[in-house]
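The values are calculated or read from the model by the stated rules, or taken from the named source; none is laboratory data. Since the model is a prediction, treat every value here as computed from it, not as a measurement. Counting neighbours? That spans all protein chains shown, and the Cβs are built from the backbone with ideal geometry, glycine included. Calculation scope for accessible area: heavy atoms of the full protein, side chains included, ligands and nucleic acids excluded. Shrake-Rupley method; radii C 1.70, N 1.55, O 1.52, S 1.80 Å.
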Amino acid sequence: MIAFYTGMRKGEINALKWSDIDGNIISVTRSVNQKLKGKGYVFTPPKNPSSVRKLQIPANLRKVLDEHKRLQQISAPGWSEDFFICGGISCLSDTAISNKNIQFAKEAELKPIRIHDFRHTHATLLINEGISIQEIARRLGHADVTVTWKVYTHLYPREEERAVKILDNI
């Protein structure tokens, strides 16, 4: 849900702590890389300076996070705001998250998609609802709006249709 509703990268989500949430704002300040052999989890700043960002989240995600926090507080001894949202004392592994994602898709009788694809879904939904490319780029943490254009330009044929309809009505 975090990937779907925020467009955050997998490493950014895995590195989230409860202290990164203030009301309906998530502060993206770190990422975790789990693919460095022999290094364990390596925490770094996000991909680029523009990836350090604050994201407003919708009420339905806030509700799920509040319930998850409540359950984590009662089940994890020594719970603190420094706990990872996806895990606890330590963050969950990419493999564990991927396996659960596949399991939930199968239970829902859906084709599984990669965790990263929820980020693309987030951007696609916003594009289709007419949100500016600048805001989408900001939410995704892209360093330059041209990156967003290059990745999502194929989704704009609908814009041409809208433009022609406007011109037809003049």
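Structure summary
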{"read-out": "Virtual spin-label span in nm between residue 163 and residue 89, 7 Å along Cα→Cβ", "value": "5.8 nm"}
{"read-out": "Debye, to nearest 20: dipole size of region 78-121, +1 on Lys, Arg Cβ, -1 on Asp, Glu Cβ", "value": "240 debye"}
{"read-out": "Rough spin-label spacing in nm, given labels placed 7 Å along Cα→Cβ, for residue 75 and residue 125", "value": "2.4 nm"}
{"read-out": "MRE, 222 nm, helices only [DSSP H, n ≥ 4, -39500 (n - 2.57), over the chain, to nearest 500]", "value": "-14500 deg cm²/dmol"}
{"read-out": "P(r) weight above 16 Å for region 123-170, C-alpha pairs, percent", "value": "40 percent"}
{"read-out": "Listed residues 166, 131, 23: farthest to the positive end of the dipole of the chain (Cβ charges)", "value": "23"}
{"read-out": "For the chain, alpha-carbon Rg and Dmax in angstrom", "value": "18.1, 66"}
{"read-out": "Whole-number D in µm²/s for region 10-49 (Stokes-Einstein; Kirkwood sum over Cα pairs; 20 °C, 1.002 mPa s)", "value": "198 µm²/s"}
{"read-out": "Surface share of carbon and sulfur [accessible, 1.4 angstrom probe, percent] for region 1-69", "value": "57 percent"}
{"read-out": "The chain: DSSP helices with Cα axial extent of at least 15 Å and average Kyte-Doolittle hydropathy no lower than -0.5", "value": "115-128"}
{"read-out": "Highest-fluctuation residue, 140, 110, 55 considered, GNM on the chain with Cα pairs under 10 Å", "value": "110"}
{"read-out": "Computed magnitude of the charge dipole of region 91-163 (debye, nearest 20; Cβ of K, R +1, Cβ of D, E -1)", "value": "200 debye"}
{"read-out": "Two-site label geometry, residue 132 and residue 52: point separation in nm, points 7 Å out along Cα→Cβ", "value": "2.4 nm"}
{"read-out": "Where N is the number of residues in region 1-100, Cα Rg divided by 2.2 N^0.38 Å", "value": "1.05"}
{"read-out": "Per residue solvent-accessible surface (Å²) - the chain, probe of 1.4 Å", "value": "61 Å²"}
